Amino acid sequence: MVEGRFYYGFLYAQHIELERFNGHFPVFEINLQQETYGKHIWERAFSYPEIGMTFLYTGLGKSPELGSAFSIFPFINFPLVRHKKFSFSFRFGLGAGYLTRRFDRLTDYKNLAIGSHINASANLMFLARYKLSGRLILSCGFGLQHFSNGSLKLPNYGLNILAVNAGVAYRLARENKSIGDRFIPPTEPYSAIIRHHIEFDVGVALGWKNMKAVLGKNFLVYHLYENTFFPVKRKSKWGFGLDLSYDESHVKILENQGADVTNKLKIVRPGINAAYMLVLSRLDFILNLGYYLGGQERSNGPFYEKISFQYKFSKDFYANVMLKVHWGRADYIGWGFGLHIEKSYGKKTLK
């Protein structure tokens, strides 16, 4: 399908510094998407979602400080309710964005939102659709569009656009009407055996923080973590995790506050968190909600969030990218790798 979509919304000022950019404005999107047909196990587990690629543009209210925004990102549209002509779904997209204006201490010093042209672009949307015919589909929805560089370069308050939208889609190929009625049995070996097991993910990540505009230099962040997961469904896992991070910028922050940092181990931040994993074949999406157990620098508060993507390139090893967040404000992006361990503690054979 090819689809055009029109948004109308406003910039949500999550920080007082962003209130100067308040305003309503349109957003335009065009995308190309296709249905999945159960070729992979995860497609059947998620009720045949749609996958696609989107190009998005907005003038950001014609603000002279913010300029305009362009974005391109792949997305997955997960069906939540599906009937003959009506469907309701959740769409998640993540890709790259380009902002024509960024903070510059000489030419654009009022732009405290973003310090870089290139940013991550995330799109979250609830979407309702109605089929007018076999090829023409109307839709409407509401959601969030987010731009941020993950504090790779400060300032980085980020831009959050809340908007309602409407769209028209046209099928380039005839619909497969039997897709929702057929059942494809599992084909992987030993699929009839349910193994009760626990999973351990142990990894390291290295982050980079460009703080020249604030502290005059760049800093590294070293992060060690462990996640323990208990599979509850083929597509979901719940558990808990432990974190240990060392942020070099905390030494400079404490010294600017008048503190004497003689023992740098005092800035080590241990944390404990609740964890959730969404499984998409070799790719895993992980959300952690945590609480710091220590650390001398506490300007961001005791709570933190982590959003991660892990890609298993073998049975035992994976690569990951992680975004550390404090109440919606990005702290840093970390890249790393880890070890995946599974321990079985029982099995049951279906009859």
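The values are calculated or read from the model by the stated rules, or taken from the named source; none is laboratory data. Because the structure is predicted, anything quoted here is derived from the model rather than measured. A quick note on method: Cβ atoms are made from the backbone with ideal geometry, for glycine too, and the neighbour counts reach across all protein chains shown.
With a requirement of 2 or more residues that are farther than 30 Å from His197 by Cα and assigned by TED's automatic domain parsing to the domain that holds Tyr222, the strands (runs of 3 or more DSSP E) lying completely within region 249-351 that satisfy it span 317-326, 329-349. Among the residues of region 218-231, is there at least one that is outside any strand (DSSP E or B), of a type in the set (Ser, Thr, Tyr) and closer than 17 Å to Gly207 by Cβ? No, region 218-231 contains no residue that is outside any strand (DSSP E or B), of a type in the set (Ser, Thr, Tyr) and closer than 17 Å to Gly207 by Cβ. Checked against (1) closer than 27 Å to His24 by Cβ; (2) within 20 Å of the chain's Cα centre (by Cα); (3) surrounded by fewer than 20 Cβ atoms within 10 Å (Cβ to Cβ); (4) of a type in the set (Phe, Trp, Tyr), Phe78 meets all criteria but (1).
Checked against the criterion of being in a strand (DSSP E or B) and assigned by TED's automatic domain parsing to the domain that holds Leu106, the candidates Glu29, Glu19 yield just one match: Glu29. Per the listing Tyr225, Tyr246, the residue uniquely touching a residue at least 12 places away in the same chain (Cβ under 8 Å) and closer than 30 Å to Tyr345 by Cβ is Tyr225. Could you tell me whether Glu29 is more than 24 Å from Cys140 (Cα to Cα) and touching a Leu at 6+ places or on another chain (Cβ under 9 Å)? When the stated conditions are applied, Glu29 does not pass them. When Phe55 is tested against (1) touching a residue at least 40 places away in the same chain (Cβ under 8 Å); (2) surrounded by fewer than 18 Cβ atoms within 10 Å (Cβ to Cβ); (3) in contact with an Asp or Glu (Cβ under 8 Å, 6 or more places away or on another chain); (4) hydrophobic (A, V, I, L, M, F, W, C), just one condition goes unmet, and that condition is (1). Once region 34-80 is narrowed to residues that are under 21 Å from Val164 (Cβ atoms) and charged (D, E, K, R), the residue that is modelled with the highest pLDDT is Glu50. Scanning region 1-20 for residues that are without any contact (Cβ under 8 Å) to a residue 60 or more places away in the chain and closer than 29 Å to Ser139 by Cα yields a single hit, Ala13. Among the residues here, Glu248 does not qualify as modelled with pLDDT of 95 or more, over 19 Å from the mean Cα position of the chain (by Cα) and acidic (Asp, Glu). Looking at Leu127, is it modelled with pLDDT of 90 or more and more than 20 Å from Pro79 (Cα to Cα)? When the stated conditions are applied, Leu127 does not pass them.
Within region 21-37, being surrounded by 17 or more Cβ atoms within 10 Å (Cβ to Cβ), farther than 19 Å from Ile76 by Cβ and free of Cβ contacts under 8 Å to residues at least 60 places away in the same chain holds for one residue alone: Phe25.
Checked across region 96-111, the condition of being closer than 19 Å to Gly167 by Cα and either at pLDDT below 95 or buried (at least 19 other Cβ atoms within 10 Å of the Cβ) (or both) holds for no residue. Selection of first residues in region 58-75 that are among the small types (Gly, Ala, Ser) and of second residues that are part of a strand (DSSP E or B) and modelled with pLDDT under 90, restricted to Cβ pairs under 9 Å at least 6 apart or on distinct chains, gives the following pairs, ordered by first then second residue: Gly67/Asp108.
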